[in-house]
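The values are calculated or read from the model by the stated rules, or taken from the named source; none is laboratory data. Every value quoted in this text rests on a predicted model; they were computed, and no experiment measured them. Cβ placement follows ideal geometry from the backbone for every residue including glycine, while neighbour counts extend to all protein chains displayed. With ligands, DNA and RNA removed, areas are computed over all heavy atoms of the protein, side chains included. Shrake-Rupley method; radii C 1.70, N 1.55, O 1.52, S 1.80 Å.
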Amino acid sequence: MNRQRVCVLGSTGSIGVNTLDVLARHPDRYEVVALSAMSRVDELLAQCLAWQPRFAAMPGREAAARLRERLREAGCRTEVLDGAAALAEVAAHPDVDTVMAAIVGAAGLAPAIAAARAGKRLLLANKEAIVVGGALFMHAVEEGGATLLPIDSEHSAIFQCLPEDRATWHERIDHIVLTASGGPFRQRDPKTLADVTPDQACAHPNWVMGRKISVDSATMMNKALEVIEARWLFNLTPEQIKVLIHPQSIIHSMVVCRDQSVLAQLGTPDMRVPIAYGLSFPERITSGASRLDLLTTPSLTFEEADAVRFPGLHLSWQALRGPEGTTTVLNAANEVAVDAFLNGRLRFDRIHAINSQCLADVQPGDCGSIESLLDLDARTRDHARRLV
């Protein structure tokens, strides 16, 4: 059996590290051809020494130069690519079969589109790429003949509940239900959220994630972005996407069929499960996750997604009903607001205010190319920084 040749974009982040963990369990099936990181030279160096990939990519030239020198000193022959186009170059490389797109934020858009246009097996963990790219991203997938596989636990759950024949999906689905843990502030009085610290916001009760996505989970903006992602992945109307709070994070999402049957995917909260499924689809391989023991699992409960406690969630449906590019505005504003919060320049309870104001103030305009989307992203960021 020929080994699948894998490129991991964002290999030093949480998803990237978990991907390498799964790959290490199946050396006969997978070969790591390329790794990338934004700025973590030490971590990427260690991964290159362990995996000996053909390529390592870092968009920053200074960080790439340091990595290149240290790899040379260690006798590692990995070629280091740098510059703005480096990530897209490795994602579309002809020696790559599968791309794990795990770069956080809008920075993942260009390499994800490059992989799609090159017809790769594209494992999408970077929800912002589809939130920002929308129709342009999905057109690239169709045009390139790429195989798009969702890695977010919720979207993987929906995907696992549906038949392989995507043409039948619209005939089966009445609506879908994305589940949300509710994050660390699910039961906290909204009036007290002004005093939240970054460490408190990043202390997720169920999942181990990066700081940006942990804050998004605390505000439920992560779920808002997932609503937008689901609209494109499954070709749904906004009205066909529902959200329920499920504190135990055991049911990862559900499909409600037209006959009102409900299909759900259950499992322990471990990202290696959807990663393994994406890597092996339509087969199943071991992931390293612990087994779900239904005899010791706590009772499964559900709550309404409270608009007072989690106002950011409801911006998703507002953005989907807006002109093309509105979701790009929402994502860019949120990235700036979260960064300002993590760096002590914005109160936690003001993240939503920045996002809402940017939706009101920034007009999308043309969104027919990557360049126009990135320009809209930059305009929104500038406006959000002024608001901060």
Task: Residues that are surrounded by 13 or more Cβ atoms within 10 Å (Cβ to Cβ) and part of a loop (DSSP other than H, G, I, E, B), drawn from segment 49-73 - done: Pro53, Arg54, Pro59, Gly60
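Please report, ordered by residue number, the helices (runs of 4 or more DSSP H) entirely within segment 202-292 with at least 2 residues that are among the basic types (Lys, Arg) and under 20 Å from the mean Cα position of the chain (by Cα). Explain how you work it out, then say what you get.
Details: elements: 211-219, 221-233, 272-280.
In segment 202-292, 211-219, 221-233 are the helices (runs of 4 or more DSSP H) which contain 2 or more residues that are among the basic types (Lys, Arg) and under 20 Å from the mean Cα position of the chain (by Cα).
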Open item on the list: With the requirement that a residue be touching a residue at least 12 places away in the same chain (Cβ under 8 Å) and under 16 Å from Ser153 (Cα atoms), what does segment 281-290 give you?
Closed with: Phe281, Ser287, Gly288, Ala289, Ser290
Open item on the list: Criterion first (open to solvent by 70 Å² or more (accessible area, probe 1.4 Å), in contact (Cβ under 8 Å) with a residue 60 or more places away in the chain, touching a Lys or Arg at 6+ places or on another chain (Cβ under 7 Å) and part of a loop (DSSP other than H, G, I, E, B)) does Val104 satisfy it?
Closed with: yes
Task: Given (1) touching a helix residue (DSSP H, G or I) at 6+ places or on another chain (Cβ under 6 Å); (2) modelled with pLDDT of 95 or more, index of the condition Ser356 fails - done: (1)
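With over 30 Å from Cys358 (Cβ atoms) and open to solvent by less than 40 Å² (accessible area, probe 1.4 Å) as the only criterion, which of Pro247, Pro269 stands out? Lay out the reasoning, then the answer.
On the way: Pro269 fails: open to solvent by less than 40 Å² (accessible area, probe 1.4 Å).
Selected residue: Pro247, the only one of Pro247, Pro269 that is over 30 Å from Cys358 (Cβ atoms) and open to solvent by less than 40 Å² (accessible area, probe 1.4 Å).
So which residues in segment 357-373 are under 22 Å from Val215 (Cβ atoms) and either over 22 Å from the mean Cα position of the chain (by Cα) or free of Cβ contacts under 8 Å to residues at least 40 places away in the same chain (or both), if there are any at all? It would help to see each step written out before you state the result.
Going residue by residue through segment 357-373, those that are under 22 Å from Val215 (Cβ atoms) are 357-359, 362.
Gln357, Cys358, Val362 - these are the residues of segment 357-373 that are under 22 Å from Val215 (Cβ atoms) and either over 22 Å from the mean Cα position of the chain (by Cα) or free of Cβ contacts under 8 Å to residues at least 40 places away in the same chain (or both).
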- [ ] Could you tell me which numbered condition Ala92 fails, if it satisfies all but one of (1) in contact with a Phe, Trp or Tyr (Cβ under 9 Å, 6 or more places away or on another chain); (2) open to solvent by less than 40 Å² (accessible area, probe 1.4 Å); (3) of a type outside the set (Lys, Arg)?
- [x] (1)
TODO: Quick one: Asp82 ticks every box in (1) open to solvent by 20 Å² or more (accessible area, probe 1.4 Å); (2) farther than 20 Å from Gly16 by Cα except a single one, so which number is it?
DONE: (2)
TODO: Identify all residues within segment 107-116 that are over 18 Å from Gly145 (Cβ atoms) and either open to solvent by 10 Å² or more (accessible area, probe 1.4 Å) or without any contact (Cβ under 8 Å) to a residue 40 or more places away in the chain (or both); write none if there are none.
DONE: Ala107, Ala110
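Of Ala86, Ala91, which residue is under 19 Å from Ile151 (Cα atoms) and not basic (Lys, Arg)? I'd like the intermediate steps shown before the answer.
Values: Ala86 fails: under 19 Å from Ile151 (Cα atoms).
Going through Ala86, Ala91 in turn, just one is under 19 Å from Ile151 (Cα atoms) and not basic (Lys, Arg): Ala91.
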Open item on the list: For segment 301-311, give me the residue count where each residue is touching a Leu at 6+ places or on another chain (Cβ under 9 Å), of a type outside the set (D, E, K, R) and in contact (Cβ under 8 Å) with a residue 40 or more places away in the chain.
Closed with: 2
Task: Residues (closer than 22 Å to Asn126 by Cα, out of contact with any Phe, Trp or Tyr (no Cβ under 8 Å at 6 or more places or on another chain) and not β-branched (Val, Ile, Thr)) located in segment 32-47 - done: Ser36, Ala37, Met38, Ser39, Arg40, Glu43, Leu44, Gln47
